[in-house]
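Quick notes on the structure that follows.
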Amino acid sequence: MKPPQSARSSPANDLSPIDVHAIAIDVDSVLAPHQIALPPAVVAARTERLRAHLALLVPHVENTPSDARGLFVNRALREARELVAKSLPAEEQFASWVHMRALARVTALLCGHSRQRTTNVKESALPAPYGGEGAVSQWLASSIDTPDFAFEDWQSGRPAVLRCGVRFDAVRMPVQLVHGAAGSTAPEVVGGFLAEMLDGAVICHPGQWYYALVPPGTAEVWRSPWAVVRSIGAWLGVPRPDRTEPSGVSLYWSLPMAEAGTLCSADAVAELLRLGHARLEGAAP
């Protein structure tokens, strides 16, 4: 897979522009596996967002010749019209959930078609300082169903919004505990300390949090009281793999991912947090 450079679909003729990034987030949030049933109000709200996306997408698709769309796109277009026209009683919770997911699937397909038809896509490789052919970038981006969107965000200078619980869970560590454990707030000192304590990758959100990437499933066995774990159903802003320079506000890698799939040990992260709390309380040197 080669990442595209364009981040948004440009309008054809007088059609409204399409924000493919927003669509990707909504589609992934609907199609992600859910451990518990979504409340009816949430299903209703997400359904309306998908309907709004389709209201923009359908004219884009209809603007292209039928024979240029292909069988699957034409079928998705018919299904989209039927699904948008269909209304379900609020009390039919399971049917509403199935309807919402069907909307998400046709939305994803029509969005991909529209972007290919209306955007002049140029191929451009991301810098790959941590493994051949952008292995780290590819691995991270594969945590969502539409990995191209991650590359688009990185190439535009934005963090990619990736799904937790697929490739990784993320331990959200309070900045005070990490700095307390390191005995410093200097980014280079903290980065060196993290490299000694952990064997994976850590993202810094300056002034707020550090996120240690740990194996998926960590949330189910996590016992440390000093941090929470973001897993299935949660999302994480992830900077481009080569963004390692400290920034005043932007996300960066305090401890970069050395190779694709290299994650922190959950036990080591818990020990770091314990040490940080002890040092802040004066109970450890």
(message) Please report the carbon-and-sulfur percent of the accessible area for the stretch 46-97; probe 1.4 Å, protein heavy atoms only, DNA, RNA and ligands left out.
(response) 56 percent
(request) Pop out the ³J(HN,Hα) list for the stretch 156-164 in order, Karplus 6.51 cos²θ - 1.76 cosθ + 1.60 with θ = phi - 60°, rounded to Hz; leave Gly and Pro as x. (result) 8, x, 9, x, 7, 9, 10, 8, 7
(request) List the relative contact order of the stretch 208-285 as a percent without decimals, with contacts defined as Cα pairs under 8 Å and 6+ residues apart. (result) 31 percent
(request) Keeping all protein chains in place, calculate the accessible area per residue for the stretch 203-264 (probe 1.4 angstrom), answer in Å². (result) 46 Å²
(request) Would you work out the charge dipole size for the stretch 191-285 about its Cα centre, treating the Cβ of every Lys and Arg as +1 and the Cβ of every Asp and Glu as -1, and quote it to the nearest 20 debye? (result) 260 debye
(message) Restricting to DSSP loop positions (anything but H, G, I, E, B) with no more than 12 other Cβ atoms inside 10 Å of their own Cβ, which GluC sites (Glu not before Pro) remain in the stretch 212-285?
(response) Glu259, Glu281
(message) With a cut-off of 8 Å between alpha carbons and a minimum separation of six or more residues, what is the relative contact order of the stretch 135-230 in percent?
(response) 31 percent
(message) Within the stretch 168-285, what whole-number % of the accessible surface is contributed by carbon and sulfur, with the 1.4 Å probe and all protein chains included in the calculation?
(response) 52 percent
(message) Starting from the 7 Å offset along Cα-to-Cβ, what nm value, one decimal, do you get for the label separation of Arg172 and Glu245?
(response) 2.9 nm
(request) Among the trypsin sites (Lys or Arg not before Pro) in the stretch 155-231, which ones are in a DSSP loop with at most 15 other Cβ atoms within 10 Å of the Cβ? Mind listing them? (result) Arg223
(message) Multiplying the sequence separation of Val228 and Ala268 by 0.36 nm and subtracting their Cα-Cα distance, what value in nm do you get?
(response) 12.9 nm
(request) Could you list which residues have their amide H under 5 Å from that of Ala201, counting only those 5 or more apart in sequence or on another chain, with H placed in the peptide plane? (result) Leu213, Cys264
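The values are calculated or read from the model by the stated rules, or taken from the named source; none is laboratory data. Source: prediction; values computed, not measured. Quick reminder, even Gly has a Cβ in these numbers, built from the backbone with ideal geometry, and neighbours come from all protein chains shown. Note: areas computed on protein heavy atoms with side chains; ligands, DNA, RNA excluded. Shrake-Rupley method; radii C 1.70, N 1.55, O 1.52, S 1.80 Å.
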